[in-house]
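Chemist: Okay, here's the structure, questions in a sec.
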Amino acid sequence: MRRAFEEELDQLHVRFFQMGRRVNEAINKSVKGFVNHDKKAAKQVIEEDAVINQFEHDLEHECIELIALQQPVTTDLRRIVIVMKAIADLERMGDHAVSISKSTIRVKGTKRNEEIEQSISDMADIVMQMMRDVLDAFVVDDAEKAVAVAQQDIKVDRMRKEIYQRCIEDMKKDPDLVLGATDYMLTSTYVERIGDYITNICEWIVYLDTGEIQELNTHHPLDDGLKS
């Protein structure tokens, strides 16, 4: 019975990893679509979000079944609950990828700023690497790596603030950039939020290791006077 239960837990982690990879692909496609003005790619992200939602539904169902049928206690129960929390974070990341894609469709053809678009792409590259690293850390319960991943979010927050400020400056100089710059601000905020959700998963990994909730994301919107 114990071996069967452990195999089910392992399979749960595999499915979580698969969902995480799917979300990371959505983030990549949505940001690339945004900076390349690719409406087709944007529509694909929106359509494929149903797969991510199904992942969440199926994994949540598996977690509930494990709890109901196996009645796990202590560490095992904690692990299952953490998976349920983490898949909710993944699903929200997928929602932000959809929001980025909707921005792509909305602003296609408006005046753009290639330097800001490159900054958004660079910001997304950091977030996607964070995602790959946190998935690896989750599978092997590596709390030390999770803390290191969370520290990268500081850089993401800083880049979002810089993009925001550059957009404000551009809008003041050129009214034709208002629509495009507004979506730059929104998109950079979506990417920054994805970084926050990755940090949440880092906190769950640390919790599994220590049994204590630690605040790894020390960024707060009021710190820089911006609401995100």
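Chemist: Would you compute, for the Cα atoms of segment 1-113, the largest minus smallest coordinate along each principal axis and list the three values in descending order, in whole Å?
Modeler: 61, 18, 17
Chemist: Could you grab the relative contact order for the chain? Cα pairs under 8 Å, six or more apart, rounded to a whole percent.
Modeler: With pairs under 8 Å counted, the relative contact order is 24 percent.
Chemist: Have a look at Ala148, Ala68, Ala181 and tell me which one the Gaussian network model of the chain (Cα, springs below 10 Å) gives the largest fluctuation.
Modeler: Ala68
Chemist: Something else: For segment 1-90, what does the accessible surface come to per residue with a 1.4 Å probe? Please give it in Å².
Modeler: Accessible surface, normalised per residue, equals 55 Å².
Chemist: Within segment 99-174, what whole-number % of the accessible surface is contributed by carbon and sulfur, with the 1.4 Å probe and all protein chains included in the calculation?
Modeler: Ligands and nucleic acids excluded, carbon and sulfur reach 46 percent.
Chemist: Next up: I'd like the accessible area for Leu179: 1.4 Å probe, protein heavy atoms, all chains in place, Å² to the nearest 10.
Modeler: The value for Leu179 is about 120 Å².
Chemist: Starting from the eigenvalues of the Cα gyration tensor, five times each then square-rooted, give me the equivalent ellipsoid semi-axes of the chain, largest first, whole Å.
Modeler: 36, 19, 12
Chemist: To continue, here is another question. Could you do me a favour and compute the accessible area per residue for segment 152-204, 1.4 Å probe, result in Å²?
Modeler: 44 Å²
Chemist: Under a GNM of the chain (C-alpha, springs under 10 Å), which listed residue has the highest mean-square fluctuation: Ile27, Ile205, Ile168?
Modeler: Largest GNM mean-square fluctuation: Ile168.
Chemist: May I pose another question? Straight-line reach from Lys102: which lysines have Cα under 18 Å away, leaving out those fewer than 8 places along the same chain?
Modeler: In chain and number order, the partners are Lys29, Lys32, Lys39, Lys40, Lys43, Lys111.
Chemist: Shifting gears a bit: What FRET efficiency comes out for the pair His13/Arg158, r = Cβ-Cβ distance, R0 = 45 Å, nearest 0.05?
Modeler: Calculated value: 0.90.
Chemist: Next question. Given the -39500 (n - 2.57) contribution per DSSP H run of 4+ residues, what per-residue ellipticity at 222 nm results for the chain, rounded to the nearest 500 deg cm²/dmol?
Modeler: Helices in the chain give a 222 nm mean residue ellipticity of -30000 deg cm²/dmol.
The values are calculated or read from the model by the stated rules, or taken from the named source; none is laboratory data. These numbers come from a predicted model, not from an experiment. So basically every Cβ, Gly included, is an ideal-geometry build from the backbone, and we count neighbours across all protein chains shown. Areas reflect the complete protein model, heavy atoms only, side chains present, ligands, DNA and RNA absent. Shrake-Rupley method; radii C 1.70, N 1.55, O 1.52, S 1.80 Å.
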